[in-house]
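Novice: Before I ask anything, here is the structure I am working with.
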Amino acid sequence: MAEWPDSGRILDRLIEALNAFDWAEVDRICRTGDNNLLSRLENAIAPFPSREGVELLKQLRRKCLFELMAVLADALIRAGALDAEVRRQYGQALIDQGNLVAAEGVLRGMLANKDTPPRERDEALGLLGRIYKQLYVNAAQPSNPRQQQNISQAIQHYFEAFDRDRKKNIWQGINYVALLARARVDGLHLSQAPGEGEETVLLQVETELKRRLDETGELWYWDRAIELEAAIARNQPEKALEALHWYLRDQRADAFEFASTLRQLREVWRVSGDMPPGDAVINGLKGAVLKRGGEAVNVKSTDIRNILQKNFSGEKDLPLKWWQTGLRRCLAIAQIESASGRHTGTGFLVSAREFFENPGGAPVLLTNWHIVSKDGEDPLSIPPEGAVAYFEACGETGKQYRLKEVVAFSRRLDASFVSLEPVDPETGNCPLRVPPAEFDPQKKQRLYLIGYPGGRGLSFSLHDSLWLDSDGTKLHYRTPTEGGNSGCPVFDDTDWMLVGLHHGGSKEMPRLKGQPGTYEANEGLSITAIRDAIRVNLKA
């Protein structure tokens, strides 16, 4: 213990950084900063304190930081950690990264160890069930004998865990029910499936949930997730929505819990977001994952058409109307591709009337000058001729339009306005904030982005989104971006009004207003500065 007098402080710092969505600080604490935890573990003489080590892994899991979680768990074990829970969390992290063979080795090692406590043995059995369940749903080939063996093994592991303690292990029980239901829908006849069947086990799970509620007056968030799943199994829409309501209100639940439930409902139960109650359930869980800071959630056109009919989140700062507006903005945001199919950045539609003195009726695409420039003048850009804008959120498969010409630009403000071939009216546009959003250093204001990070699908950037500063021309913010976000819209945090055009970032960004020093920041150009420059025909 003498080697780790600051173990509690390390944990406190990590929790603080995670709750602030400060991923850079999380990485510094764990593996890149001076005296970071990983380097200390590599050279440790004494094991890291058990309680703090387990809690570190739990906290990383709650924010879905599985890669870092696995690296840290590996280091804790090599430094002498003997806790079965550390090994189980290691297996969990490997599963969620898709390293199923390695995860199975860790979990079977736990089961082979006679010193593994009963609770951890039950959890390991459940995670083995998860591995074989994942193999089955990933393959999507129910007629394949190998996949039938996978689902049979998953059912066996889940039932074995449930049967060991039918009061405590109801999450394994509901998974047993789900897989038997899935096998039935897939036309499989598992004659040697263990247990009494899905109806009997489902009734036992429901009875235990009622007992817990009667005994304590409340249900834990995982219990609410199980209650939701049981209602889906019973085809009870109202009960499912009620369970969802309480589940999303529970502030103890985090991104990991909501993402796990979302995955189970989509992959195993195949709940559709196209019709009630699936539209409310799927979109409610998606919103919860985004809000609590988990991994990016891709946006599809069906998500936009099937918006929640109620606000289940209970979050007064992010009401239903706010989410609806954000989803509508997605319709106007495009990925820009060169003629060869190379993804170069993001662009978005704006109303020409908000920028030009004598506008036509058609919307125009706004992006960075370094993404699309006249005649390809900027060496990093592409000319508009032959390039296309792909609006992923429009229609079932998205819509694609050719770019025509740069109609206005500002090199200084890294902005290009580009005309397109006629676009579908449903795409809409991103309206300006008028009067412009003003930076108030006394308020913790946030700025949000929607774009195509890394050339992947349309995604929200919401976490770690603090607005750092503004000088009237530039906006600095911590909202995370990647290559591919260049040219995406920067929105305010009240009603998704356009305040900026994103164009870059740096770990050593010079501070604004002549302030000394640098900081980690992303940078956008004020949309009103761009508008004013265009209106006076500034092309410098």
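Just so it is clear, none of the values below were taken in a lab; they were calculated from the coordinates. All values derive from a computational prediction rather than experimental measurement. Reconstructed Cβ throughout: ideal geometry from the backbone, glycine too, with neighbour counts over all protein chains shown.
Novice: If you rank 385, 357, 25 by fewest surrounding Cβ atoms within 10 Å, what's the result?
Specialist: 357, 385, 25
Novice: Next up: Per residue, how big is the convex hull of region 228-288 when only Cα atoms are used? Give it in Å³.
Specialist: Enclosed volume per residue, from the Cα hull, is 67 Å³.
Novice: By the scheme Lys and Arg +1, Asp and Glu -1, what is the net charge of all other residues having a beta-carbon under 13 Å from that of residue 116?
Specialist: Computed value for this residue: +1.
Novice: In addition: Arranged from highest to lowest average of other beta-carbon atoms within 10 Å per residue, in what order do the peptides 221-230, 160-169, 106-115 appear?
Specialist: Taking the mean over residues of other Cβ atoms within 10 Å, the ranking is 221-230, 160-169, 106-115.
Novice: Here's a follow-up. Under a straight-distance cross-link criterion of Cα-Cα below 19 Å, which lysines are reachable from residue 321, leaving out those fewer than 8 residues away in the same chain?
Specialist: Here the lysines satisfying the reach criterion relative to residue 321 are 286, 291, 300, 310.
Novice: Any idea what the relative contact order of the chain is, in percent, if you count C-alpha pairs under 8 Å spaced at least 6 apart?
Specialist: Value for the chain: 8 percent.
Novice: Can I ask one more? Given H placed on each backbone N at 1.01 Å, which residues far from residue 446 in sequence or on other chains put an amide H within less than 5 Å of it?
Specialist: Hits under the 5 Å cutoff: 467, 493.
Novice: So for 282, 45, fewest C-beta neighbours within 10 Å to most, what's the order?
Specialist: Starting with the residue having the fewest Cβ neighbours, the order is 45, 282.
Novice: To continue, here is another question. Order these by the 10 Å Cβ neighbour count, fewest first: 497, 69.
Specialist: 497, 69
Novice: Tell me, what is a quarter of the convex hull surface for the C-alpha atoms of region 448-535, in nm² with one decimal?
Specialist: Taking a quarter of the hull surface, the average projection is 5.9 nm².
Novice: Right, something else. Which log10 I(q)/I(0) values, to two decimals, does the chain give at q = 0.07, 0.08, 0.12 Å⁻¹ under the Debye formula with one point per Cα?
Specialist: Scattering profile of the chain, log10 relative to I(0): -0.47, -0.61, -1.19.
Novice: Using amide H atoms built in the peptide plane, which far-off residues or other-chain residues are under 5 Å from residue 405 H to H?
Specialist: Counting only residues 5 or more places away or on other chains, the set is 419.
Novice: Pick out, in residue order, every one of the trypsin sites (Lys or Arg not before Pro) in region 457-540 that is DSSP loop and has at most 15 other C-beta atoms within 10 Å; say none if there are none.
Specialist: In loop regions of region 457-540 (DSSP not H, G, I, E or B), the sparsely surrounded trypsin sites (Lys or Arg not before Pro) are 511, 513, 539.
Novice: Summing -39500 (n - 2.57) over the DSSP H runs of n ≥ 4 in the chain and dividing by its residue number, what mean residue ellipticity at 222 nm do you reach, to the nearest 500 deg cm²/dmol?
Specialist: -13500 deg cm²/dmol
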